[in-house]
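**Student:** One structure follows; several queries about it will come next.
None of the figures in this text is laboratory data; all of them are computed from the coordinates on show. Note that the structure is a prediction, hence the values are computed from the model and not measured. With ideal geometry, Cβ positions are generated from the backbone for all residues, glycine too; neighbour counts draw on all protein chains shown.
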Amino acid sequence: MIKLGVILLSRPEFGGTYQYSLSTLEALQYTKRFQVTIYGDPSNRDWRRWGHPVRPYVEGRLSQAAYLLSYQLGLPRNDPFREEDILLAPIYSLATLHTARPFAYTLHDLQEHHFPERFSWQQREWRHRVHKALSSRASAIICEANHVREDIVSSFGVPQERVAKLIAPPFARVRVPVTRVELEKVRSRHNLPEKFIFYPAQFWPHKNHARLVEAFKLIVSRHPDVQLALTGNKGDEYQSVVGLIGTLGLERNVRHLGYLEQADLEAIYQLATALVMPSLYESVSIPIFEAFQLGTAVAASNILSLPDQVGDAGLLFDPHSAGSIASSITAILESPDLRETLRARGHSRMQALTPELYGASLEGLLQAMRERGSQPHRQ
C-alpha cells in the first residue's frame, strides 16, 4: 500500500474549494492502492466520516508566509509529511515547499491575470509568489479547465505534461428522496412562489449580480410574479446589489435567502424553475453540476469553460448583456417542454462524471508520480 497524505486546509466558508475537497475524499474511497492519512482539523466531521486517521494540521497566513520566505532564502524547515510516500493537496499548502515527498496540488484558477482590478496589489503579488514556488516543486498540478491549464503553462513555464486536467464531480451526499409534501414545506418556509430563478453565489464582483438584477427588471416586465432567489454571505458587493434592487423597484421580486441548510438547499434546487449562472469567470461551476444532479434547468454564461460544462443541457447567454440574460431565462420560464428537455440532458451528462471515474483518474495520476521517483520536481 502507498501511504498517501491528503492535506485539507479548506473550510465550509470557503465555498467551492471545500466542496471540491469533499469530492476528492469521496473519490479516494474508490481507489485501492492508498493508505490515506488526512492532515487537517480533527474536529471536522466531514473529514472524520471517511474513517481515515486525521492528524491535527493547520496553516495560518503567518506560517504560510514563513514557509514561503524560508523557501526563497534556501532555509530548511521541518517536513510535517515525512511519514507519507506521496501527498495530495486540494488547495495549496506551502509546507509542501519543504517536503521531500512527491506532491500534487490543485490550482483552481489564476483569475487575477484576467481581472487584476478585482485584486489588490498585495493579493496579486502573494498569489504569484505562491504559485510560482509551488509550480516549480510540484510533481503534478491539477486543474479543472483547459483555460486554467493554459494559464499555468504560460504564467509559470510549467511543461504541459505536468498539468493534469481532472474534473471533480460534485460531492454526492446521501440523498433521501424528497416528497412533494416536503418540498412544499420548504417553499412555504422560504415564502417562494410557484416560479422562481435560483442563483447560489457569494457576492463577489465576478459573480455579476448587478447585471443579473438588471436582467430581472426586464423579466418582471413580462412576468411580474417571478422571483429571483439569491444566497451567499452579506459581504463584498452585497450592499451595492441591494441598492440596485431598490433603485430598480425589485424589492418584491429579488430576495436574499441567507444561509441554507443542505436539505433546504437541495429542495430549493428542485423547486426552482431554473438555475442561472451569470458569472464572468469560472473554472468549473459546482452549482451547474448540482442543478444537473437535482433536475433543475440551467441558463449560464457563454464564457471560458462553461459552454463545455453545460453542453446541450442548458441555454447560454452573454453575461455582459442584461437582454441576453433575460432572453435565456424567459425562454425557460415560458416553455415547460424546454425545461424537461434540459433536465433530462443534464441528468445524462452527470452519468459520465462519477466519483468512481474521478477516483480512477486520481489513482492513475498519483501512481505515476510514485513510479517517477521519491523526489518532487525541481526547476
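**Student:** For the range 12-55, enumerate the residues that are in contact with a Phe, Trp or Tyr (Cβ under 6 Å, 6 or more places away or on another chain) and under 22 Å from G232 (Cβ atoms).
**Tutor:** Result: P12, Q19, L22, S23.
**Student:** Across the range 217-261, what is the number of residues that are within 17 Å of I197 (Cβ to Cβ), part of a loop (DSSP other than H, G, I, E, B) and not small (G, A, S)?
**Tutor:** Matching residues across the range 217-261 total 11.
**Student:** Would you be able to say whether some residue in the range 27-35 is within 15 Å of L88 (Cα to Cα), part of a helix (DSSP H, G or I) and touching a residue at least 40 places away in the same chain (Cβ under 8 Å)?
**Tutor:** Yes: the range 27-35 contains one or more residues that are within 15 Å of L88 (Cα to Cα), part of a helix (DSSP H, G or I) and touching a residue at least 40 places away in the same chain (Cβ under 8 Å).
**Student:** Tell me yes or no: at least one residue of the range 329-347 is under 19 Å from the mean Cα position of the chain (by Cα) and either within 19 Å of G232 (Cβ to Cβ) or surrounded by 18 or more Cβ atoms within 10 Å (Cβ to Cβ) (or both).
**Tutor:** Yes, the range 329-347 contains at least one residue that is under 19 Å from the mean Cα position of the chain (by Cα) and either within 19 Å of G232 (Cβ to Cβ) or surrounded by 18 or more Cβ atoms within 10 Å (Cβ to Cβ) (or both).
**Student:** Next question, about the same structure. Quick one: which of A100, A95 is within 23 Å of A164 (Cβ to Cβ) and surrounded by 15 or more Cβ atoms within 10 Å (Cβ to Cβ)?
**Tutor:** Selected residue: A95, the only one of A100, A95 that is within 23 Å of A164 (Cβ to Cβ) and surrounded by 15 or more Cβ atoms within 10 Å (Cβ to Cβ).
**Student:** Quick one: which helices (runs of 4 or more DSSP H) lie wholly within the range 48-160 and hold at least 2 residues that are touching a Cys at 6+ places or on another chain (Cβ under 9 Å)?
**Tutor:** Helices (runs of 4 or more DSSP H) meeting the threshold: 146-156.
**Student:** Can you find a residue in the range 135-158 that is closer than 18 Å to S10 by Cβ, polar (S, T, N, Q) and either in contact (Cβ under 8 Å) with a residue 40 or more places away in the chain or touching a helix residue (DSSP H, G or I) at 6+ places or on another chain (Cβ under 9 Å) (or both)?
**Tutor:** Within the range 135-158, not a single residue is closer than 18 Å to S10 by Cβ, polar (S, T, N, Q) and either in contact (Cβ under 8 Å) with a residue 40 or more places away in the chain or touching a helix residue (DSSP H, G or I) at 6+ places or on another chain (Cβ under 9 Å) (or both).
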